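Q: Here's a structure for you.
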Amino acid sequence: MKDEFDYVIVGGGSAGCVLANRLSASGRHEVCLLEAGPSDRTAWVRGTNPLYMLFLMNSPTYNWLYRTEVEPANGDRGFFWPRGKVLGGSSAINAMIYTRGNRWDYDHWAELGCAGWSWAEVLPFFKRSERQARGPGAFHGVDGTMNVVDTNFRFPASEAFVESCAEVGIARNDDFNGEEQEGAGFFQVTQSPLGGRRGSAGTDFLDEARARPNLVVETGTLVTRVLFEGRRAIGVECLDPRRRAVTRRVRASKEVILSAGVINTPQLLKLSGVGPREELEALGIPLVHELAGVGENLQDHPDILVRRRDRRRASFSLQPGPYTASFLRRFLSRREPFIYTPTDAGAFVRSSEEEPRPDLQLQFAAVRMEPHGRGLFMPARFGFVLHVCNMRPRSRGRVRLRSASPLDPPRIEANYFADAADLEALVGGLKIARRVLGASAMAPFAGEEEVPGAGVQTDDDLRAFLRRRVETVYHTASSCKMGTDPMAVVDPDLRVHGIEALRVIDASIMPVIPSSNIHAPTVMVAERGAAMILEGKRAAELGAR
């Protein structure tokens with residue numbers, strides 16, 4: 001087994017698969033991609049049934065199944081944080097929604113000292129990946145390998161949701177990734193336009209590269225630490241996939257690139273001796289370089305769910321119904337593509353008139369369920385849910401080590417509602433959700449409100465409900481932030497401060513979480529990072545082209 005390469009990439013998720021493709025494309029570089037999870041070549045990941053995600057989200061085979069630390073202020077709960085543990089990473093288990101965020105997000109990054117990361121500078125890298133079914137345009141590309149398509153199966157309740165948004169003053173928006181983010185409409189998804197199969201970073205980027213002789217992909221390989229000579233990264237140590245108790249070393253002559261994700265990347269840096277001095281010394285980990293920001297600045301979009309009964313049975317259920325039958329006929333038929341995701345409709349809105357831009361995302365699903373896809377086997381009734389998530393949280397969490405063992409999961413502190421403004425944003429969001437679901441277009445469908453329920457009405461009621469029931473919507477970021485301030489972990493070229501030949505390229509580098517689902521921005525970060533490496537140019541120089 002070959003043990004020396006030009007580039008060693010740790011983590012085969014949304015970023016790692018892009019990097020493996022781009023860095024190996026010329027044939028000039030020897031590239032190794034190391035993934036802790038299994039192959040994605042399974043019907044669960046690559047099948048045509050979008051509801052498979054409800055299995056994948058709770059699968060110990062394809063998921064790290066992380067839980068955060070208990071939060072006394074939020075119902076004495078630890079939160080379930082599923083993260084993909086498979087080639088494709090979280091893009092192999094997600095709802096396949098393609099959104100990029102607001103242009104302000106990236107202009108704000110630039111304002112924070114991340115030169116070269118403004119909206120105008122990152123837009124070409126979003127377009128580079130995209131194979132947009134609607135065709136090319138100022139905001140979209142067609143030459144990439146990531147299919148971005150419209151759904152072609154929608155439950156009547158989803159159509160009514162979009163109409164109801166218009167009734168309450170939320171304008172129709174047919175392209176959340178175009179000129180304007182604000183408004184209501186249907187999400188585009190990353191699926192095959194022909195067969196409706198899931199598109200992930202594995203299918204969209206890694207598949208076409210797998211046969212290259214200069215690319216080695218290893219699954220079932222847990223990287224335990226980065227190896228250094230002085231302050232230069234020279235490779236990684238990992239558990240051999242064939243003999244789990246035996247470590248081996250894989251060397252990198254040019255660079256080690258950490259793309260292990262928002263939780264695993266800071267964990268690996270700390271296990272390798274890069275991080276806060278006090279924390280590492282307390283666990284007996286030799287300090288290579290002190291970086292106080294490793295694991296700090298963790299951000300997530302806190303989410304709350306509103307659930308109502310469906311009086312018209314115009315949604316999905318495990319009991320017989322007219323639209324369940326239609327769903328199954330279309331799914332089982334091979335006469336035409338079946339392109340669908342449960343959260344197919346949504347909106348980007350402002351929690352109050354004082355907000356200068358959308359700070360809430362609504363995601364509607366014509367399925368009666370609990371958070372994390374649970375509850376499908378509740379008494380088989382028809383219903384629908386509306387997720388409300390705060391896209392601009394001010395609260396910050398962190399990732400800390402539980403021990404010096406790489407086999408122990410880290411301590412994750414979500415720290416929801418540490419800033420009271422986050423709580424108030426979702427109070428406003430719940431009121432908007434109720435107005436939408438109470439509009440006349442939804443009247444034929446909207447039965448009893450099961451959650452929060454009739455007993456939750458005042459602002460204090462809503463605050464208490466939020467603390468009891470808030471959950472993640474899986475959009476984690478920012479635990480190894482990019483920047484030039486003392487808490488930054490990487491510079492705008494994604495190089496780890498104070499370390500040679502080591503970069504972080506994944507969602508953890510985002511200084512502030514984008515106001516969107518996280519897959520598309522992570523792919524953009526990887527496209528931009530690969531271009532920096534291959535072209536030998538700084539982020540600002542790339543953006544000036």
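The values are calculated or read from the model by the stated rules, or taken from the named source; none is laboratory data. Keep in mind it's a predicted model, so treat the numbers as computed, not measured. Using ideal geometry, Cβ is built from the backbone for each residue, glycine included, and neighbour counts are taken over all protein chains shown. Ligands, DNA and RNA are stripped out before the accessible areas are found, and what is left, the full protein with its side chains, is counted by its heavy atoms. Shrake-Rupley method; radii C 1.70, N 1.55, O 1.52, S 1.80 Å.
Q: Taking the Cα centre of the chain as the origin, how large is its charge dipole in debye, to the nearest 20, when only Lys and Arg (+1) and Asp and Glu (-1) carry charge on their Cβ atoms?
A: The calculated dipole for the chain is roughly 1840 debye.
Q: Output the antiparallel fraction of DSSP beta bridges having both residues in the stretch 37-184, as a percent to the nearest 5.
A: 55
Q: Let me ask you something else. Report the Cα centroid-to-centroid distance between the stretch 407-424 and the stretch 87-126 in angstrom, as an integer.
A: 22
Q: Quick one: of LYS85/LYS270; LYS431/LYS481; LYS481/LYS537; LYS85/LYS481; LYS127/LYS270; LYS127/LYS537, which pairs are farther than 28 Å apart, Cα to Cα?
A: In this structure, LYS431/LYS481; LYS127/LYS270 exceed 28 Å between Cα atoms.
Q: Something else: Nothing charged except the Cβ atoms of Lys and Arg (+1) and of Asp and Glu (-1): what's the magnitude of the dipole of the stretch 226-363 about its Cα centre? Round to the nearest 20 debye.
A: Dipole of the stretch 226-363, to the nearest 20 debye: 1260 debye.
Q: Of all beta bridges DSSP finds with both residues in the stretch 129-210, what is the antiparallel percent, to the nearest 5?
A: 50
Q: Something else now. Select from ASN390, LEU430, SER317 the residue farthest towards the positive end of the dipole of the stretch 294-434; place +1 on Cβ of Lys and Arg, -1 on Cβ of Asp and Glu, and compute about the Cα centre.
A: Of the candidates, SER317 comes out farthest on the positive side.
Q: Here's a follow-up. Of all DSSP beta bridges in the chain, what percent run antiparallel (nearest 5)?
A: 70
Q: Trypsin sites (Lys or Arg not before Pro) within the stretch 18-78: which are DSSP loop residues with at most 10 other Cβ atoms inside 10 Å? Show your work: numbers first, answer last.
A: Working: sites: ARG22, ARG28, ARG41, ARG46, ARG67, ARG77; in loops: ARG28, ARG41.
Those that pass, being in a loop and sparsely packed, are ARG28.
Q: To continue, here is another question. Per residue, what accessible area does the chain have, given a 1.4 Å probe and all protein chains present, in Å²? Don't skip to the end; give the middle numbers.
A: On the way: 19650 Å² over 545 residues.
That works out to 36 Å² for each residue.
Q: With the Cα gyration tensor of the stretch 211-269 giving a ≥ b ≥ c as the square roots of its eigenvalues, does the rule (a/c under 1.5 for rounded; else a/b larger than b/c for prolate; else oblate) give rounded, prolate or oblate?
A: Details: a/c = 1.32, a/b = 1.13, b/c = 1.17.
Cα axes put the stretch 211-269 in the rounded bin.
Q: Between SER253 and SER39, how high is the FRET efficiency from 1/(1 + (r/R0)^6) when r is the Cβ-Cβ distance and R₀ = 25 Å? Nearest 0.05.
A: 0.40
Q: Can you give the Kirkwood hydrodynamic radius of the stretch 458-545 from its Cα pairs, in Å with one decimal?
A: Numbers: mean 1/r = 0.0672 Å⁻¹.
Mean inverse Cα-Cα distance, inverted, gives 14.9 Å.
Q: Could you tell me which of PRO492, VAL274, LEU87 has its Cα farthest along the dipole of the chain towards the positive end, charges placed at Cβ (Lys, Arg +1; Asp, Glu -1), taken about the Cα centre?
A: LEU87
Q: Stretched out fully, how many nm does the piece from GLU218 to LEU283 gain, at 0.36 nm a residue minus the Cα gap?
A: Stretched out fully, the GLU218 to LEU283 stretch lengthens by 20.4 nm.
Q: Kirkwood Rh over Cα pairs of the stretch 290-391 into Stokes-Einstein at 25 °C, 0.890 mPa s: D in µm²/s?
A: In µm²/s, the coefficient is 152.
Q: Follow-up. Let me spell out the model: positive unit charges on the Cβ of Lys and Arg, negative unit charges on the Cβ of Asp and Glu, origin at the Cα centre of the stretch 381-483. What dipole size does that give, in debye rounded to 20?
A: Values: 16 positive and 12 negative charges, 93 e Å.
That gives the stretch 381-483 a dipole magnitude of about 440 debye.
Q: How much of the accessible area of the chain, in percent, comes from carbon and sulfur atoms when a 1.4 Å probe is used? Can you show the working numbers first?
A: On the way: 9750 of 19650 Å².
After summing per-atom areas, the C and S share lands at 50 percent.
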